[in-house]
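These notes concern the structure reproduced below.
The values are calculated or read from the model by the stated rules, or taken from the named source; none is laboratory data. Please read these numbers as outputs of a predicted model, since none were measured by experiment. So basically every Cβ, Gly included, is an ideal-geometry build from the backbone, and we count neighbours across all protein chains shown. These accessible areas exclude ligands, DNA and RNA; they are computed on the full protein's heavy atoms, side chains included. Shrake-Rupley method; radii C 1.70, N 1.55, O 1.52, S 1.80 Å.
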Amino acid sequence: MALSGVRVLELAGLAPAPLCGMILADFGAQVVRVDRCPRSAVSTDVQGRGKRSLALDLKRAQGAAALRRLCLRADVLVEPFRHGVMEKLGLGPEVLLQENPKLIYARLTGFGQSGKYARSAGHDINYLALSGVLSKLGRKDENPYAPLNLLADFAGGGLMCAMGIIVALYERTKSGKGQLIDASMVEGAAYLSSFLWKSQNLGLWNRCRGENLLDSGAPFYETYKTLDGKFMAVGAIEPQFYEQLLKGLGLESDKLPSQLSFSDWCEMKKMFATIFSEKTQAEWCKIFDGTDACVTPVLSLDEVALHQHNKERGSFIKNDQEEISPRPSPLLLRTPATPSARRDPFIGEHTQEILLEFGFSKEEIAKLHSDKVIEFNKPKANL
Ligand SMILES: C[C@H](CCC[C@@H](C)[C@H]1CC[C@H]2[C@@H]3[C@H](O)C[C@@H]4C[C@H](O)CC[C@]4(C)[C@H]3C[C@H](O)[C@]12C)C(=O)SCCNC(=O)CCNC(=O)[C@H](O)C(C)(C)COP(=O)(O)OP(=O)(O)OC[C@H]1O[C@@H](n2cnc3c(N)ncnc32)[C@H](O)[C@@H]1OP(=O)(O)O
């Protein structure tokens, strides 16, 4: 796999850093999640695919020293704490990069390492708000609405951080040097949304929130409820596709206002909604499948893997616990990601094997264990 041989240490965090680590693991990196010790009963990381877990108490001097040793042999460190936490533990970048100048030290936070909010707590919705993007999301006359925690945590955070790490790994092949990455989810979400800024002059966003082309203002870029309580998604922007939408709905364009007549959008939406409510989702799929009307069913998470298109591409995979999840994307055809089919690791499940691999002797491991700086957690075999 593309990242095989890359050693990553991921300090356990909430949602974005686990995604970053899972992406790296899916593409072949050896990812060790450094979990807290004493450990909590269950890991909060539901994105532990392909990772191994080491339970290590970083608040103890021996634990911090052990992490420094691990970093000597690591390519990447991902840390998800607010600014100042790593420094307090004696594990700041100036220490670790001096000891291993080839290390890529990725700091994944909401507000970044500097600025007024650097030390403040926050979550996805706060980062999205500060990026400006949240102000654009939501329906007409309603408050801004955060689409789950997808945009800042995962797209602007975990994914951007993974990209930064891969770029830094590539650069290291030329310079031989590691570097510090300051991944801020505010900036990641803003960068991801560059189109919003770059398209200001096109007049795409001149109207209020929820009244524009792509923010649920337009009748031809909307979701509609069907007779059986399901939904269809409509994205017929270009006139030739819009024509096909009208045809499928049984409408004639010369009897309707023009597609871009903003003042008629509200009425057009009502008309489309009434028509969509008269047939089931399956009936609409029969009408629109195979056309260029840009109309697709809104599938539930239970339905996606069963949809013919997704089945044909193998877009969803099952692990050995029969859990379904999305296949890593994008597909690298020569060196595809091969995600682990095993269950996620238990906290501390691999403590001993990881320390041995990183050069700790059995005696050193035993001492760390008896001093309660590390924990083992060998699951019992299922008999
Ligand atoms: C909207 C999302 C958040 C969604 C999260 C959900 C996915 C999960 C939230 C609750 C979970 C559920 C819950 O836990 C109950 C169940 C538990 C069960 O086990 C599983 C099922 C659950 C239902 C579970 C399910 C899910 O997991 C949940 C629903 C986000 O926006 S996430 C993005 C958050 N922001 C960031 O990541 C930005 C950077 N980080 C921060 O700003 C801060 O870390 C943050 C997030 C504000 C938290 O602040 P906090 O004060 O708690 O931490 P820090 O200041 O960063 O300091 C960390 C301290 O921990 C010490 N430490 C770290 N590692 C170790 C170690 N190995 N050993 C010892 N100590 C360690 C470190 O030294 C710091 O100590 P101090 O505070 O003393 O300095």
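Taking the Cβ-Cβ separation of Arg343 and Ile275 as r and a Förster radius of 30 Å, what is the calculated FRET efficiency to the nearest 0.05?
Using R0 = 30 Å, I get an efficiency of 0.05.
Can you give the accessible area of His369 in Å² (nearest 10), computed on protein heavy atoms with a 1.4 Å probe?
Roughly 80 Å² of His369 is accessible to a 1.4 Å probe.
How would segment 50-148 be classified by its alpha-carbon gyration tensor: rounded, prolate or oblate, with rounded meaning a/c under 1.5 and the a/b versus b/c comparison settling the rest?
It comes out prolate by the Cα gyration axes.
Could you run the Karplus curve 6.51 cos²θ - 1.76 cosθ + 1.60 with θ = phi - 60° over segment 69-86 and give me ³J(HN,Hα) per residue in whole Hz, x for Gly and Pro?
For segment 69-86, the Karplus-derived couplings read 5, 4, 5, 4, 10, 9, 8, 9, 10, 10, 10, x, 9, 5, 4, x, 5, 5 Hz, x marking Gly and Pro.
Exactly which trypsin sites (Lys or Arg not before Pro) in segment 297-343 are in a DSSP loop and have at most 10 other Cβ atoms within 10 Å?
Loop-located and lightly packed - Arg334.
On a C-alpha basis, how far is the centre of segment 326-358 from the centre of segment 50-74 in Å? Whole number, if you could?
18
Counting only pairs 8 or more residues apart or on different chains, how many lysine pairs in segment 268-383 have their Cα atoms under 20 Å apart?
Value for segment 268-383: 6.
Rounded to the nearest percent, how much of the accessible area of the chain (1.4 Å probe, protein heavy atoms only) is carbon and sulfur?
In the chain, the share of accessible area belonging to carbon and sulfur is 56 percent.
For segment 88-215: lysine pairs with Cα atoms under 23 Å, gap of 8 or more or different chains, count?
Close lysine pairs under the 23 Å cut-off: 6.
Find me the longest stretch of the chain that has none of the exposed GluC sites (Glu not before Pro), where exposed means in a DSSP loop (not H, G, I, E or B) with at most 16 other Cβ atoms within 10 Å.
1-141
Net charge within 15 Å of Ser194 by Cβ-Cβ distance, Lys/Arg positive one each and Asp/Glu negative one each, not counting Ser194 itself?
Charge balance near Ser194 sits at +1.
Mind jotting down the distance between the C-alpha centroids of segment 81-110 and segment 125-150, whole Å?
31
State the Cα centre-to-centre distance between segment 1-22 and segment 293-308 in whole Å.
Value for the Cα centre distance between the two parts: 30 Å.
Roughly how big is the chain's charge dipole about its Cα centre, with Cβ charges of +1 (Lys, Arg) and -1 (Asp, Glu), in debye to the nearest 20?
Using Cβ point charges on Lys, Arg, Asp and Glu, the chain gives about 1240 debye.
Ignoring ligands, DNA and RNA, what accessible area per residue does segment 123-176 give at 1.4 Å, in Å²?
So segment 123-176 comes to 55 Å² accessible per residue, rounded to a whole number.
Val304 to Lys116: FRET efficiency via 1/(1 + (r/R0)^6), r the Cβ-Cβ distance, R0 45 Å, to the nearest 0.05?
0.60
How much net charge surrounds Asp75 when only other residues with a Cβ under 13 Å from its Cβ are counted (Lys, Arg +1; Asp, Glu -1)?
+3
Given 0.36 nm per residue, what is the gain on full extension from Glu94 to Asp254 after removing their alpha carbon distance, in nm?
That pair, Glu94 and Asp254, stretches by 50.7 nm at full extension.
For the chain, with a Gaussian network of springs between Cα atoms less than 10 Å apart, report the residue from Leu67, Leu251, Leu137 with the top mean-square fluctuation.
Of Leu67, Leu251, Leu137, the most mobile in the Gaussian network model is Leu251.
Give me the percent of DSSP beta bridges within the chain that run antiparallel, rounded to the nearest 5.
Counting DSSP beta bridges with both partners in the chain, the antiparallel share is about 35 percent.
I need the calculated FRET efficiency for the pair Thr296 and Arg69, taking r as the beta carbon distance and R₀ as 41 Å, to the nearest 0.05.
FRET efficiency, Thr296 to Arg69: 0.20.
What's the extension gain from Leu202 to Ile237 if we count 0.36 nm per residue and subtract their Cα-Cα distance?
That pair, Leu202 and Ile237, stretches by 11.1 nm at full extension.
Excluding ligands, DNA and RNA, what is the solvent-accessible area per residue of segment 308-374 at a probe of 1.4 Å, expressed in Å²?
That works out to 65 Å² for each residue.
Test of understanding: express the Cα radius of gyration of the chain as a ratio to 2.2 N^0.38 Å, with N the residue count.
Relative to the rule-of-thumb radius for its length, the chain sits at 1.19.
Given the Cα-Cα distance of Ser329 and Ser361 and 0.36 nm per residue of separation, how much length would full extension add, in nm?
So the extension gain works out to 7.6 nm.
From zero outward in steps of 10 Å, how is the percent of C-alpha pairs of segment 245-358 spread across the bins?
10, 26, 22, 18, 12, 7, 4, 0
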